[in-house]
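Since the structure comes first, as structure tokens, the remarks are kept for the end.
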Amino acid sequence: HMNLALKSTLKKKGALIQSNATSRSSTDIPELMGYIESMHADFLRFGDLKEVIMKIKQNEQWVVGRRASNREFYALFDTKKTLAEVNETLKLINQQFFNSVFVD
């Protein structure tokens, strides 16, 4: 059983993270779900795996999956970002929303 919630764009460093319902990803939903299902299978196969990061080359997107205490979190970054920028944004998301679940 998987709960799916979609959240779109994030504000820059230091600003509150907010959603923007008009933002559209260039990766379609079935393709994105395929990536997420693959990451989920990896989490099940490798029990001690905590994070999976995947770069989609054709459109410069990142898909990130994190796992802690049998909970999983997935994020899609649909703008050109470096891996360091993706990690920094994930830290902000973790601090603001998941601090008690995903401990760095």
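Which count do you get for residues in the stretch 32-72 that are closer than 22 Å to SER100 by Cα, open to solvent by 50 Å² or more (accessible area, probe 1.4 Å) and either assigned to a strand (DSSP E or B) or in contact (Cβ under 8 Å) with a residue 24 or more places away in the chain (or both)?
6
I'd like to know if the stretch 16-37 contains one or more residues that are modelled with pLDDT of 80 or more and touching a helix residue (DSSP H, G or I) at 6+ places or on another chain (Cβ under 7 Å). Give the steps one after another, and end with the answer.
Step one: of the stretch 16-37, the residues modelled with pLDDT of 80 or more are 30-37.
Keeping just the survivors that are touching a helix residue (DSSP H, G or I) at 6+ places or on another chain (Cβ under 7 Å) gives none.
No: zero hits.
Among residues belonging to the stretch 56-65 that are at pLDDT below 90 and not acidic (Asp, Glu), point out the one that is farthest from ALA84 (Cα to Cα). Steps first, answer last, please.
First pass over the stretch 56-65, keeping only residues at pLDDT below 90: 56-61.
From the residues that got through so far, the ones that are not acidic (Asp, Glu) too are 56-59, 61.
On the way: ILE56: 16, LYS57: 17, GLN58: 20, ASN59: 18, GLN61: 14 Å.
Among residues in the stretch 56-65 that are at pLDDT below 90 and not acidic (Asp, Glu), the one farthest from ALA84 (Cα to Cα) is GLN58.
For the condition modelled with pLDDT under 85 and in contact with a strand residue (DSSP E or B) (Cβ under 7 Å, 6 or more places away or on another chain), what is the one hit in PHE73, PHE98, PHE43? Please lay out each step first, then the result.
Values: PHE73 fails: modelled with pLDDT under 85; PHE43 fails: modelled with pLDDT under 85.
Going through PHE73, PHE98, PHE43 in turn, just one is modelled with pLDDT under 85 and in contact with a strand residue (DSSP E or B) (Cβ under 7 Å, 6 or more places away or on another chain): PHE98.
Where residues in the stretch 73-104 are buried (at least 18 other Cβ atoms within 10 Å of the Cβ) and among the hydroxyl-bearing types (Ser, Thr, Tyr), which of them is nearest to GLU31 (Cα to Cα)?
Taking the candidates together, the pick is TYR74.
The values are calculated or read from the model by the stated rules, or taken from the named source; none is laboratory data. Computed from a predicted model, the values in this text were never measured in an experiment. Methodologically, a virtual Cβ is constructed for each residue, glycine included, from the backbone with ideal geometry; neighbour enumeration extends over all protein chains shown. Just the protein is used for accessible areas: all its heavy atoms, side chains included, with ligands, DNA and RNA removed. Shrake-Rupley method; radii C 1.70, N 1.55, O 1.52, S 1.80 Å.
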